[in-house]
């Protein structure tokens, strides 16, 4: 799949040069209103196969197309969803979920426990996507944590056996998406024997199609530019009046194009990666408002600990003390707050007492003097930033200036996110520093620690550090296996202290997600909650859950006439 991503990205680079105005015709939506649509843009490419996709654009699409056993609320808690209830054994090793009857897939098939089993096993067999959240194997392939086995007790009862207790197991199930086994099996490419008798496991077909039961189904997927989803009328949880008939997610077209599209009502919600002045300009457009809220995401410079000069702990600490964090949170992104360690402050289990680095040249020079590079000048350092996030260039330039003060010569590279993903696959191709946003995949500190610093995530964009610490791996595994929440949080706190002492990352800021949206005709539950002053921390992707939004079509039509 990694090679396929590289190939697809070459196609995408060409296609992005001429993204069309996003719209649909009445003929393409026989019974649905083409004006009842929510459109947004994100980084690209987007992968809608739940066993493959993991980033922002992927999850924004997947949550529309697929259901899960449980569902996250906007405040970060979870509620029953496809599973009406569940039982937990006294030893916390067996979880039994009882499914709703009558849940239909988009092709009309009923969702059963067999589909849950298939989806789980497919995820682990492929070993991509969010597999690492729900299962951990040792170097010999033995399952040492997470789901050990899953079986259907009957059509509506599914049983998970865990290798060891997993404290946040239920919240983590927001990343186990359920596919239609029968439909996937009918679309397996047998000419590709990547997965033995399972052929390609349906991966080629699922690039542009879905096999879900979610509120929306794929209407059209253009791998090089956009995804159009259409309301699934038979959705098991029903529909409220005004719910959008369509959603469209498409590749980020650039800041100027976004402002124009918002002005022309060709876009309902902007990306969260615009520069500060762009949001100010958006607020000048009649009917457009902006919201900002502290999220479970943070911005960081990941340091490759396996290559010189970032292989030296004192060199990394010197960089951590040399960074001017105040500029990041006061001048570049005023809504952000400086990070306090590796875990965003909005996540349960965050250690508020962990050491917080600050801009201190004296300490930076002291650490540099202890490093293997003491006394050297113009030490080479490579840094990549994401082309889809324009303001990251400001961070890169700030870092370049700060690093120069302690004798480091930073070479900056602007790269599309797809190429940063490719670079992260090997130690040698990963630069010394990577400016990256990361989000928790479920609402607890353990999600961030596991995703970011356990060795199993090496080779992905979520861990450009290549930390590879057996001690940290064990500590994370032990913490996740701790059922008592208070004890688990204490263990998380110690891991955060250890990481800060190792300084594999420069933790810049906890992200305040900021969006512009069409407030005059789009009712967006997240925006309403933020404006009411309520905390909001949905896992990545779920803030854009379209089914809960409303499009005021008549109001939209009136505004278009003006």
### Query
Do we find a residue being assigned to a loop (DSSP other than H, G, I, E, B), modelled with pLDDT under 95 and at positive phi anywhere in the stretch 311-333?
no
### Query
From the list 364, 372, which residue is more than 30 Å from residue 442 (Cα to Cα) and either crowded, with 18+ Cβ neighbours inside 10 Å or touching a helix residue (DSSP H, G or I) at 6+ places or on another chain (Cβ under 6 Å) (or both)?
364
### Test set (1) farther than 16 Å from residue 174 by Cβ; (2) modelled with pLDDT of 95 or more; (3) within 19 Å of the chain's Cα centre (by Cα) - residue 103 fails condition number
(3)
### Summary
Flagged in the stretch 222-245 as surrounded by fewer than 20 Cβ atoms within 10 Å (Cβ to Cβ) and out of contact with any helix residue (DSSP H, G or I) (no Cβ under 7 Å at 6 or more places or on another chain), in numbering order, are 222, 233, 234, 235, 236, 237, 238, 239, 240, 241, 242
### Query
Limited to the stretch 418-438, what total is found for residues that are under 17 Å from residue 381 (Cβ atoms) and touching a helix residue (DSSP H, G or I) at 6+ places or on another chain (Cβ under 6 Å)?
3
### Message
For the stretch 321-339, give me each residue that is out of contact with any helix residue (DSSP H, G or I) (no Cβ under 9 Å at 6 or more places or on another chain) and under 14 Å from residue 505 (Cβ atoms).
### Response
325
### Task
Go over the candidates 190, 203, 181 one by one and state the one that is within 20 Å of residue 130 (Cα to Cα), more than 24 Å from the chain's Cα centre (by Cα) and not assigned by TED's automatic domain parsing to the domain that holds residue 244.
181
### Query
residue 185 passes all but one of (1) modelled with pLDDT of 95 or more; (2) in a loop (DSSP other than H, G, I, E, B); which number fails?
(2)
### Message
Can you say whether residue 299 is in the same structural domain as residue 340 (by TED's automatic domain parsing) and within 19 Å of the chain's Cα centre (by Cα), as far as the supplied structure shows?
### Response
yes
### Query
Just checking, which of 494, 393, 487 is surrounded by fewer than 21 Cβ atoms within 10 Å (Cβ to Cβ), part of a helix (DSSP H, G or I), free of Cβ contacts under 8 Å to residues at least 40 places away in the same chain and under 24 Å from the mean Cα position of the chain (by Cα)?
393
### Message
So the check is Cβ under 6 Å with 6+ separation or different chains; which pairs have a first residue in the stretch 268-291 that's at positive phi and a second one that's in a loop (DSSP other than H, G, I, E, B) and surrounded by fewer than 21 Cβ atoms within 10 Å (Cβ to Cβ)?
### Response
287/520
### Message
Please determine whether any residue of the stretch 407-416 is touching a residue at least 60 places away in the same chain (Cβ under 8 Å), in contact with a helix residue (DSSP H, G or I) (Cβ under 7 Å, 6 or more places away or on another chain) and under 16 Å from residue 322 (Cα atoms).
### Response
no
### Query
Only one of (1) surrounded by fewer than 21 Cβ atoms within 10 Å (Cβ to Cβ); (2) in contact with a helix residue (DSSP H, G or I) (Cβ under 7 Å, 6 or more places away or on another chain); (3) outside any helix (DSSP H, G or I) fails for residue 351. Which number is that?
(1)
### Query
For residue 410, are the conditions met, namely being in a strand (DSSP E or B), in contact with a strand residue (DSSP E or B) (Cβ under 6 Å, 6 or more places away or on another chain) and more than 21 Å from residue 297 (Cα to Cα)?
yes
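The values are calculated or read from the model by the stated rules, or taken from the named source; none is laboratory data. Here the structure is a predicted model, which is why all the values come from computation and not from measurement. Note: ideal-geometry Cβ built from the backbone for every residue, glycine included; neighbour counts use all protein chains shown.
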